[in-house]
1. If you scan the range 49-92, which residues turn out to be surrounded by 14 or more Cβ atoms within 10 Å (Cβ to Cβ) and either within 30 Å of residue 106 (Cβ to Cβ) or basic (Lys, Arg) (or both)?
2. Can you tell me how many residues in the range 63-85 are touching a Lys or Arg at 6+ places or on another chain (Cβ under 9 Å) and over 12 Å from residue 51 (Cβ atoms)?
3. Assuming residue 45 fulfils every condition listed in (1) open to solvent by 50 Å² or more (accessible area, probe 1.4 Å); (2) of a type outside the set (Asp, Glu); (3) part of a strand (DSSP E or B); (4) over 19 Å from residue 169 (Cα atoms) apart from one, which condition is it?
4. Select from the range 93-121 the residues that are within 30 Å of residue 35 (Cα to Cα) and among the aromatic types (Phe, Trp, Tyr) and write down the one among them that is surrounded by the fewest Cβ atoms within 10 Å (Cβ to Cβ).
5. Can you work out which of the residues in the range 30-41 that are open to solvent by 50 Å² or more (accessible area, probe 1.4 Å) and not charged (D, E, K, R) is nearest to the chain's Cα centre (by Cα)?
6. Taking residue 72 and the conditions (1) within 26 Å of residue 162 (Cα to Cα); (2) modelled with pLDDT under 95, which numbered condition does it fall short on, given that it satisfies the others?
7. Taking strands (runs of 3 or more DSSP E) that do not extend beyond the range 148-193, which have at least 3 residues that are at pLDDT below 90 and charged (D, E, K, R)?
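The values are calculated or read from the model by the stated rules, or taken from the named source; none is laboratory data. What you see is a predicted model, and the numbers here were worked out from it, not measured in a lab. Reconstructed Cβ throughout: ideal geometry from the backbone, glycine too, with neighbour counts over all protein chains shown. With ligands, DNA and RNA removed, areas are computed over all heavy atoms of the protein, side chains included. Shrake-Rupley method; radii C 1.70, N 1.55, O 1.52, S 1.80 Å.
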Amino acid sequence: SGDVPVQQLINANDADIFGAEVEVRSHPLYGWAPEEIDGLEVFASFGWLNSTYTDFTQTLSQIDMDGLLRVSTFDYSGNRLINSPEFAFAGYAAWPWVSNYGTLTSRFDWTYKSDIFFGPENDPGVAEKAFWLMNFRVGYTTPNGVIELAGWVRNLTGKAYSVDILNLSRFSGTILHAVGDPRTFGATLQVRF
């Protein structure tokens, strides 16, 4: 009683996982705009995932404060698998502007994930609600392609989100969140030789 719990990695006896993914890539201005600006590229992907535990029970044993062994059995059958969003979107729009002075390229990226559970019990307290992440980048490349200077912003909206959650509530009444990166800014200099 009062001792540190022992973590065990266990597998479900059975699970069903199926889904679909569609990707689309387009150059919507090709042939419609001047050659210097017709390089706009748009890419988008859509994913759908149905993941369900079909046979998953877990037995937990602990000694209570009176020294008695307590055994609890939990059935997670029918719940979504850990870290498997039902819907996911990702994509980007990149637009190079070509001139005699080099190429200026802007790029906007986005990703979306629907609700994610970090435990087989599908507890909303150990989950991340659906969220979008967006990044932006502007880069200049010299005419010979040797030097590229770029500025970027990641997590453009400053979204606070969890990349993992550890549920310690049975032990210490605590739930730990591994938080994703906040909004970050930066610059990159690349030299090819």
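1. Residues satisfying the conditions are 80, 85, 87, 88, 89, 90, 91, 92.
2. 2
3. The single condition residue 45 does not satisfy is (1).
4. 101
5. 30
6. (1)
7. Where strands (runs of 3 or more DSSP E) fall fully within the range 148-193, none carries at least 3 residues being at pLDDT below 90 and charged (D, E, K, R).
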